[in-house]
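The structure appears right after this line, and notes come after that.
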Amino acid sequence: MTRAALATFLALGCAWTAAILVPLYEFLAGEGQRGSRYLPIAYRLAWTGIAGAGVAAAVLVISKLRTRNAIGWTPLVAVPLIIESWLLGCLVALVLGSL
């Protein structure tokens, strides 16, 4: 149970950090009207990915509970998903913002 609590704490900390860094996309998108019109797409990708990672981790934990397996480090599945979704939003902000 201690491992599951620690893994959940680490995953929530990663999600919180990514959520704090999402507004950084405004700086990365470039200045002017052209760069800022793609920001909603980047924001939507990042927030959907962060929320989806939490849902995916919760589904895996619930499935392990139903089968009576140890949860262990299962909540850490969310960490790479959160990082990937933040990076995808960052990439959209950089690339589409530079067009």
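The values are calculated or read from the model by the stated rules, or taken from the named source; none is laboratory data. The shown structure was predicted, so the numbers you read here are calculated from the model rather than taken from an experiment. No Cβ is skipped: glycine too gets one built from the backbone with ideal geometry, and neighbour counts run over all protein chains shown. Note: areas computed on protein heavy atoms with side chains; ligands, DNA, RNA excluded. Shrake-Rupley method; radii C 1.70, N 1.55, O 1.52, S 1.80 Å.
At 1.4 Å probe radius, can you tell me the per residue accessible area of the chain in Å²?
That works out to 65 Å² per residue.
Tell me the carbon and sulfur percent of the accessible area for the chain, rounded to whole percent, probe radius 1.4 Å.
Its accessible area is 72 percent carbon and sulfur atoms.
What percent does the relative contact order of the chain come to when contacts are Cα pairs within less than 8 Å and at least six residues apart?
Computed over the chain, the figure is 46 percent.
On full extension of the chain, what length is gained from residue 95 through residue 73, given 0.36 nm per residue of separation minus the C-alpha to C-alpha distance?
Extra length available between residue 95 and residue 73 comes to 4.4 nm.
Relative to the Cα centre, what is the charge dipole magnitude of the chain, using +1 at the beta carbon of each Lys and Arg, -1 at the beta carbon of each Asp and Glu, and rounding to the nearest 20 debye?
420 debye
Run the helix sum for the chain: -39,500 (n - 2.57) per DSSP H stretch of 4+ residues, divided by residue count, reported at 222 nm to the nearest 500 deg cm²/dmol.
Rounded to the nearest 500, it is -25000 deg cm²/dmol.
In µm²/s, what is D for the chain at 4 °C and 1.567 mPa s, where D = kT/(6 pi eta Rh) by Stokes-Einstein and Rh is the Kirkwood radius from Cα pairs?
91 µm²/s
Just to be sure I understand the model, the point goes 7 Å from the Cα along the line to the Cβ. What's the resulting residue 83 to residue 62 distance in nm?
The answer from the label model is 2.7 nm.
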